[in-house]
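A.B. asks: Here you go, one structure.
The values are calculated or read from the model by the stated rules, or taken from the named source; none is laboratory data. Fair warning: this is a prediction, and the values are worked out from it, not measured in the lab. Cβ placement follows ideal geometry from the backbone for every residue including glycine, while neighbour counts extend to all protein chains displayed.
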Amino acid sequence: MHTRPRPQCADSAGFSYVGVLVAIVLLAVCAAPAADAVRNASAATAVSGVQLRALLCLKSRMETVAAEPYQKLLNAAAGTATAAQPYSLPEDSLCPERKVYIARVSVDVEGAATYPATDTGLLQLVVALPDPSGAAPAQMSLATMVLR
């Protein structure tokens, strides 16, 4: 019986020390961004929950104000920069502060809005979450038009 000799490989002893070190360095370089991505993803869930709650508070306030009689809204119209006091709400345990702006508005054929002092029969209703610092525009807002 004749047996064939087995071929001998020079690499059959395993990984080299340099190869293992290169693999560890590559793993360390890739692990930091991956961990950061996981951390950001878990934080985004909490932030989106807060924003959803704020949006629901805005929608609820918009529906409440839009259901008011037109004449009551017209009487409360203070302008685009002044909050309508009877409808704006301070912060409570469930919702952040909500400001309501009601203004007389006129819209031309191109869709550009102007804010005349006279009654045009059209009101703009905006519910906004103001920026806490007051320096920036509203964080989030909803707007609609109300017809007489």
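A.B. asks: When region 1-18 is examined, which residues are found to be surrounded by fewer than 10 Cβ atoms within 10 Å (Cβ to Cβ) and modelled with pLDDT of 75 or more?
C.D. replies: TYR17, VAL18
A.B. asks: Answer yes or no as to whether GLN51 is out of contact with any Leu (no Cβ under 9 Å at 6 or more places or on another chain) and touching a residue at least 24 places away in the same chain (Cβ under 8 Å).
C.D. replies: Taking the combined requirement at face value, the residue satisfies it.
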